[in-house]
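The values are calculated or read from the model by the stated rules, or taken from the named source; none is laboratory data. Predicted model only: the values in this text are computed from it and were never measured. Neighbour counts run over all protein chains shown; Cβ positions are idealised from the backbone, glycine included.
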């Protein structure tokens with residue numbers, strides 16, 4: 001009788017949770033369910049039938065100061081995660097993104113004599129800052145699945161088996177939303193301009209961006225009283241967004257929708273104001289002109305400013321070495337700058353069309369270079385994981 005291989009998926013944040021869920025679907029498909037899967041994660045992995053024995057909610061943090069404050073609970077979750085993985089007897093563990101937490105888990109697993117393969121999925125952005133992490137990763141895990149083709153040299157030189165699987169953001173079509181249906185549902189006329197607003201996926205992001213985003217809305221509504229603002233939010237942050245809206249009067253005008261309506265919002269939006277992150281690449285794929293905003297606590301920002309190498313923070317801008325999406329950091333992330341940037345997109349069809357075409361062209365180039373074998377990145381990642389297990 002063939003013994004089923006057992007793979008443990010670990011995700012500490014929303015984006016990793018979604019990546020893990022996609023990997024689970026592909027692993028099941030490629031093995032005809034002849035595999036045992038367990039997971040530590042959130043709602044996306046739970047929807048795949050994998051209940052998490054560890055609560056990951058406190059792990060969605062960003063910044064040096066926040067990490068220091070959260071250190072005790074992080075280490076508690078590391079201990080819990082290590083214990084359940086060791087007890088599971090898994091043949092492999094896939095640690096998705098979330099550098100600090102995952103490297104601690106990897107270190108503890110090795111220290112406790114974990115006999116399976118330790119696979120890191122998504123490399124730290126050593127090309128952007130802290131190149132020394134490449135050696136730390138090579139020492140801490142057995143294999144790396146990377147989503148950027150330019151990652152590999154940083155890790156291969158330290159002897160880490162590195163497999164490029166492609167960026168999952170390019171696997172999806174972003175032009176399939178029902179814009180007409182959303183307009184009809186909320187009685188929005190075809191000529192009424194619509195702005196999509198995306199607050200981020202972490203509490204700290206929502207708290208820091210609520211004020212400048214609200215000020216931007218106030219300014220835009222003054223210029224365009226008929227403007228409608230929509231915002232798709234996930235269940236994990238809906239309460240945080242509602243709390244922010246309660247504090248900022250201008251946010252009362254925002255129509256909050258479930259994240260499952262994101263593509264409908266994309267279909268109806270003429271422009272966007274968004275927190276920097278994966279969603280800005282999605283907006284670029286959809287051809288939605290966007291003002292990107294971001295704020296960190298002062299200490300984190302000062303440290304990051306010294307270490308960060310690229311001229312831009314958005315992947316689309318970095319990949320094309322061009323400011324296709326205007327970016328505003330720290331004090332520059334204010335209502336005036338955000339509103340002044342998106343107002344022309346909402347009022348001038350030619351301006352919007354030019355910006356939209358530039359984004360679509362840039363992301364098409366990025367999509368065409370995405371691993372290039374015709375498959376989807378999650379499918380390639382699953383093949384890579386199964387290939388690693390097949391050799392052990």
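Look through 101, 150 and report the one residue that is surrounded by 19 or more Cβ atoms within 10 Å (Cβ to Cβ) and either over 30 Å from residue 288 (Cβ atoms) or assigned by TED's automatic domain parsing to the domain that holds residue 19 (or both). Going through 101, 150 in turn, just one is surrounded by 19 or more Cβ atoms within 10 Å (Cβ to Cβ) and either over 30 Å from residue 288 (Cβ atoms) or assigned by TED's automatic domain parsing to the domain that holds residue 19 (or both): 101. Per the conditions (1) modelled with pLDDT of 80 or more; (2) not in a loop (DSSP other than H, G, I, E, B), the sole criterion not satisfied by residue 173 is (2).
Taking the conditions (1) in contact with a strand residue (DSSP E or B) (Cβ under 6 Å, 6 or more places away or on another chain); (2) at pLDDT 95 or above in turn, residue 183 satisfies each one other than (1).
Can you confirm whether the range 72-94 contains a residue that is at pLDDT 95 or above, closer than 20 Å to residue 125 by Cβ and assigned by TED's automatic domain parsing to the domain that holds residue 141? Among the residues of the range 72-94, at least one is at pLDDT 95 or above, closer than 20 Å to residue 125 by Cβ and assigned by TED's automatic domain parsing to the domain that holds residue 141, which makes the answer yes.
Please work out if residue 203 is within 16 Å of the chain's Cα centre (by Cα), in the same structural domain as residue 265 (by TED's automatic domain parsing) and either crowded, with 16+ Cβ neighbours inside 10 Å or modelled with pLDDT under 95 (or both). The answer is yes for residue 203. Among helices (runs of 4 or more DSSP H) entirely within the range 218-303, having at least 3 residues that are at pLDDT 95 or above and closer than 27 Å to residue 358 by Cβ singles out 262-268, 278-285.
In the range 329-361, the qualifying residues are those that are within 21 Å of the chain's Cα centre (by Cα) and surrounded by fewer than 20 Cβ atoms within 10 Å (Cβ to Cβ), and the one that is nearest to residue 148 (Cα to Cα) is 360.
Residue-level check: of (1) in contact with a helix residue (DSSP H, G or I) (Cβ under 6 Å, 6 or more places away or on another chain); (2) surrounded by fewer than 22 Cβ atoms within 10 Å (Cβ to Cβ), residue 211 misses just (1).
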